[in-house]
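Structure, as structure tokens:
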Amino acid sequence: MSVAGRLNVLDWVRIGLLAVGAGCVAVGLLPLSDARAVIVRIAGLLAFLGSVIVLAELTAEAEVFDVIATWVAAIGRGNYVALFLLCVGFASLTTITLNLDTTAVLLTPVMLALAGKVGIARLPLAMTTAWLANTASLLLPVSNLTNLLALNRIGLAPIAFAGRMWGAELASVAVTMAFLWLFYWRRGERGADRYVPPPPHEPRDRLLFAVAGVACLVFIAAILFVNAPLWIASTICAALVAVAFAVRRPRSLRPGLLPWQLLVFVTGLFLVIATLSRHGLSDVMLRLVGSDDGLVGEYRAATAGAALSNVVNNLPAYVAGEAVIPKANGDQLLALLIGTNVGPVVTPWASLATLLWYERCHAHGVEIPLRKLMLTGTGLAVAGIVATVAALAVTR
């Protein structure tokens with residue numbers, strides 16, 4: 001089958017988006033100097049995104065996530081409340097340390113497989129992954145692409161960033177837990193009182209399992225304690241695991257590991273949004289966001305970011321909002337970040353992570369009730385933004 005024959009509808013949309021962005025440059029709607037500045041700005045982001053996905057894919061291939069998921073279920077000992085808390089912790093930790101797209105791409109099938117192993121409903125586990133991929137992504141720069149975009153503007157090292165956002169992170173996760181339990185995990189929704197814990201999962205290759213596990217730990221330590229570009233840490237760790245696979249299981253090193261669709265999508269998205277910003281989008285965002293760095297301005301920024309995220313996508317929503325927020329308004333920028341991280345839970349396309357999650361669920365035959373998804377997501381977005389922006393203000 002030809003390459004074109006293997007492309008799905010979303011792949012063509014991504015390619016089309018890049019073509020539109022390139023066309024904007026070609027016809028002069030986006031000056032070449034502006035396009036060059038966009039590419040320079042996102043180069044490190046693209047390198048990080050490509051390498052961290054490769055790291056995560058190979059880590060999954062080494063069965064690290066399977067071992068952890070089975071261990072989580074075993075620790076719960078058949079108790080749904082314990083399993084709920086453990087799944088929330090697992091999804092949150094994956095999002096915080098390996099980014100939201102990794103959670104959507106890799107943790108979703110692990111959670112769905114876990115549901116099959118222990119004989120429980122799949123929708124509660126699927127929704128836990130989808131929501132926490134977004135709402136738990138406030139703590140570290142690597143947790144979300146928007147955080148990485150904001151890092152240079154904010155001027156905070158990873159530890160300092162976490163020190164500023166920890167209150168918002170806790171508030172966001174707490175609200176998400178309440179909505180998950182009320183609408184998806186309580187007895188009337190999950191359909192059972194207890195589950196049967198699965199037996200321990202034994203990885204096929206313990207050496208690959210160990211190398212991948214250590215690489216992930218090194219990566220986490222590097223982003224927390226080493227003052228180096230994030231893409232360097234992710235590239236080194238991905239290369240370490242790739243070498244191990246080259247020796248032990250070379251067939252796993254396939255071209256499909258590189259997330260070209262994601263890289264094409266991000267590049268095209270940034271070129272298009274830069275063009276739109278030059279032709280009226282900035283004026284609209286300025287009216288929505290305002291220039292007040294107080295609590296009212298923070299809520300305006302967060303609400304505008306969340307609303308635009310669910311209409312288009314959280315990446316262009318953040319970029320458009322950042323362009324009109326004064327450089328001195330650091331807290332208003334962080335509030336915009338909250339809106340574009342916590343808010344994209346209403347529509348399936350609101351964030352790349354949500355879209356990837358929706359695709360994975362569809363591929364595994366899990367029916368996602370769109371009406372319920374959007375209604376509960378709207379409630380979560382509103383409550384989450386109210387609580388999280390308040391937490392940001394309290395911990396100022």
Quick one: grab Rg to one decimal and Dmax as a whole number for the range 266-382, Cα atoms only, in Å.
-> 14.9, 48
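Given the range 74-121, what whole percent of its Cα pairs are spread farther than 16 Å?
Counting every Cα pair in the range 74-121, those more than 16 Å apart make up 41 percent.
Could you size up the charge dipole of the range 135-215 around its Cα centre, putting +1 on the beta carbon of Lys and Arg and -1 on that of Asp and Glu, and report it in debye to the nearest 20?
Computed charge dipole of the range 135-215: roughly 100 debye.
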Looking at the P(r) of the range 1-82, how many percent of alpha-carbon pairs lie beyond 22 Å?
-> 60
Computed over the range 73-182, Kirkwood Rh from alpha-carbon pairs, angstrom | 14.4
Tell me, what is the FRET efficiency for Arg186 and Trp260 to the nearest 0.05, using R0 = 45 angstrom and their Cβ-Cβ distance as r?
-> 0.65
Gyration tensor verdict on the range 138-267 (Cα atoms; rounded if a/c is under 1.5, prolate if a/b is larger than b/c, oblate otherwise) = oblate
If you roll a 1.4 Å probe over the chain with all protein chains in place, what percent of the accessible area is carbon or sulfur?
-> 69
Please give the FRET efficiency for Ala228 paired with Arg41, using the beta carbon to beta carbon distance and R0 = 25 Å, rounded to the nearest 0.05.
-> 0.85
With DSSP loop assignment and no more than 11 other C-beta atoms within 10 Å, the chymotrypsin sites (Phe, Trp or Tyr not before Pro) in the range 306-396 are none
For the range 320-336, what does the Karplus curve 6.51 cos²θ - 1.76 cosθ + 1.60, with θ = phi - 60°, yield as ³J(HN,Hα) per residue in whole Hz, taken in order and with x for Gly and Pro?
-> 5, x, 4, 5, 10, 8, x, 4, 6, 8, x, 5, 5, 5, 5, 5, 4
What the Cα atoms of the range 190-349 span along the principal axes, largest first and in whole Å, is 57, 46, 31
At 0.36 nm per residue, minus the direct Cα-Cα distance, what do Leu85 and Thr395 gain on full extension? Give it in nm, one decimal, please.
-> 109.1 nm
More than 17 Å apart: what percent of Cα pairs in the range 132-203 qualify?
-> 59
Taking only the alpha-carbon positions of the chain and ignoring solvent, what does the Debye formula give for the base-10 log of I(q)/I(0) at q = 0.12 Å⁻¹?
-> -0.94
Using just the helices of the chain, give the 222 nm mean residue ellipticity in deg cm²/dmol: DSSP H runs with n ≥ 4 each add -39,500 (n - 2.57), and the total is spread over all residues, rounded to 500.
-> -23500 deg cm²/dmol
Descending semi-axes in whole angstrom, ellipsoid equivalent of the range 47-88, from the Cα gyration tensor | 28, 12, 4
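Output the Kirkwood hydrodynamic radius of the range 1-158, Cα pairs only, in Å rounded to one decimal.
For the range 1-158, inverting the mean 1/r across all distinct Cα pairs yields 18.0 Å.
Could you work out the relative contact order of the chain? I mean the mean sequence separation of Cα pairs under 8 Å and 6+ apart, divided by the number of residues, in percent.
Computed value for the chain: 24 percent relative contact order.
The values are calculated or read from the model by the stated rules, or taken from the named source; none is laboratory data. In this text, all values refer to a predicted model and were calculated from it rather than measured experimentally. For neighbour counting, all protein chains shown are included, and Cβ atoms are generated from backbone atoms with ideal geometry for every residue, glycine included. The protein model used for the area step is the full one, side chains on, heavy atoms only, and it has no ligands, DNA or RNA in it. Shrake-Rupley method; radii C 1.70, N 1.55, O 1.52, S 1.80 Å.
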